[in-house]
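Structure, as structure tokens:
The values are calculated or read from the model by the stated rules, or taken from the named source; none is laboratory data. All figures in this text were calculated on a predicted structure; none of them were measured in a lab. Ideal geometry is used to build each Cβ from the backbone, glycine not excepted, and the neighbour counts take in all protein chains shown. Surface areas here come from the heavy atoms of the whole protein model, side chains and all, with no ligands, DNA or RNA. Shrake-Rupley method; radii C 1.70, N 1.55, O 1.52, S 1.80 Å.
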Amino acid sequence: MPTVIEEGKDTIIFVTKEDHEAPSNAELVEEDPNDPYEERGLILPGGEINWNCPCLGGMASGPCGTEFKEAFSCFHYSKEEVKGSECLDQFRAMQECMQRYPELYPQEDEKDKQEPTSESGTNAASEGQKDNDTTEPDVKS
């Protein structure tokens, strides 16, 4: 007989070799394809967008969620030859919203400012560029 221990949200089941030798009496339940809580990935079987997908990182529910949904939906359902080319206004609105919340959506140039500096006072990115220069390095004596 297996030993069952409940620890918070987890259930731990210890079984013996004899427990494994007995045939299983577990019944498999067919999944409900209409279950909104079932993780299905970004695109649902019917082609709709799964706004609950963890792959979106909360973008659909943040302060710019409406703008994000409009831009992403426009791109997803786009029939244009250059996919999403008709969605510039929606993406612009999303970008403008994100700029109003810089603490939640940092801009690329702000990320560069936050890079750690080395002892020489330059950031790691500029030091990496110096290594790739074809000019003579500065010699310090």
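For the stretch 45-103, what is the accessible area per residue in Å², given a 1.4 Å probe and the full set of protein chains? Provide the component values of the computation, followed by the final result.
Details: 3880 Å² over 59 residues.
That works out to 66 Å² for each residue.
Quick check on packing: order 15-23, 64-72 by the mean number of other C-beta atoms within 10 Å, highest mean leading. Intermediate values should be presented prior to the final figure.
Working: 15-23: 8.6, 64-72: 19.1.
The peptides rank, most packed first, as 64-72, 15-23.
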